[in-house]
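Every read-out reported here was derived from the displayed coordinates using simple, explicitly stated rules and does not represent laboratory data. This is a predicted model, so every value here is computed, not measured. In this analysis, Cβ positions are derived from the backbone assuming ideal geometry, glycine residues included, and neighbour counts consider all displayed protein chains.
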Amino acid sequence: MPGTNPRELGLLADCESCFGLCCVALPFSASADFAVDKDAGKPCHNLREDFRCSIHQQLRQRGFPGCTVFDCFGAGQKVSQVTFEGRSWREAPGTARQMYAVFPVMRQLHELLWYLAEALALPAAAPVHAELDAALAETDHLTRQPADVLEKVDVAEHRAQVNALLLRASELARAGLKGKERRGADLIGARLKGAGLRAANLRGAYLIGADLRGADLRQADLIGADLRGADLSAADLTGAIFLTQAQVNAAQGDATTRLPASLTRPAHWAERATAPKQGRGPNTARRPRRR
C-alpha cells in the first residue's frame, strides 16, 4: 500500500531525472504565457541537448511565464525512468510518439494522487478515508502499468470517480462553516478585496486577474480554480483545500499573503514588490477544466 507523503509517492518534480517531456510533448500558443507557438511533440527551441532549459533563470523576462507555473507532479521522471526505463526519446526515437502520449496521462494520474494524499490528511474526512485510500492505491497501480496500457487509460472516467470522493472529503472538511457556493463561477477580474470566502466552494472558479487582496480564503476548496494574475496580497489561504503550488505560482502576492504550510512563496512575488506597476495581461481565452 503506498503512503500519503508527496515525496514518497514521487509527486515532486525532479527535472534532473526527466527527458524534458513538458518541453517536448505538450503544445503551447503564443500568448501572455508563452512567447511563441509550439506544436505537441516538437522540442522547445530553448531545450538543450541535456534536456535542460537554456533560459530557465530568465523564463519570465523572456516571455515564458507559463513554464514557471507548470507542475507535472512528478510525472516526467516517472515516465522517463519507470515507464521507459531510462531510455530517452533521443536515444530511442521509436519511443517518442508513445512517450509523448503517455506523459499527459501520467501527469493527470499524479495530480489525482496529490489530491487524494491531501484528502487523506484531512481529519474531518475520516468517514471516507477507506475509500480515498483504495482510490489512491488504484491510481498508484495505474501509474505503474506499461506504456501500451497507460496510453489507453480512460483518465476522464477515473478522474470522475476520484473527484466524487474528493468532493465528499471537501464537504466534510468545510461542514459547519457555511462557506459560499461559487463552484465554476466566472469571477474574472472580480473586485473581491477583503471578501469573506472562508470555506467557500471555488472548485473550477475563474479567478483570472481577480482582486483578492486581504480576502479570507481559509479552508476554501480551490481545486481547479484559475488564479492566473489574481492578486492575493495579504490574503489568508491558511488551510485552503486542494490548492497547488502551480496555482500559487500563477497568482500574485506579497510577504503578507498567508499560505498553507505545504506551499512556498514564489520568488516572483518578491520581485513584484520592487518592480514598477504594470497593467494586468493574463491570457483569458483559455479556461481550465471545470471541477
Across 10 Å bins from 0, what is the distribution of all Cα-Cα pair distances for the range 70-138, in whole percents? 20, 39, 24, 13, 4
What distance in nm separates the two pseudo spin-label positions at ALA164 and SER54, each 7 Å out from Cα along the beta-carbon direction? 5.0
What longest range of the chain stays clear of loop-exposed GluC sites (Glu not before Pro) (DSSP non-H/G/I/E/B, at most 13 other C-beta within 10 angstrom)? 92-291
Using a Förster distance of 22 angstrom, determine the FRET efficiency expected from the C-beta separation of THR256 and LYS180, and round it to 0.05. 0.40
I want to verify a result. In a Gaussian network model of the chain, Cα cutoff 10 Å, which of these has the top mean-square fluctuation: LYS38, LYS152, LYS78? LYS152
For a Förster distance of 30 Å, can you work out the FRET efficiency between the beta-carbons of HIS129 and ALA156, rounded to the nearest 0.05? 0.75
Tabulate in residue order the Karplus-calculated ³J(HN,Hα) for the range 161-172, using 6.51 cos²θ - 1.76 cosθ + 1.60 with θ = phi - 60°, rounded to whole Hz; enter x for Gly and Pro. 5, 5, 4, 4, 5, 5, 5, 4, 4, 4, 4, 5
Cα-based Rg / Dmax (Å) for the chain: 19.1, 56
Every cysteine in the chain with no other Cys Cβ under 4.7 Å from its Cβ, please list them in numeric order. CYS15, CYS18, CYS22, CYS53, CYS67, CYS72
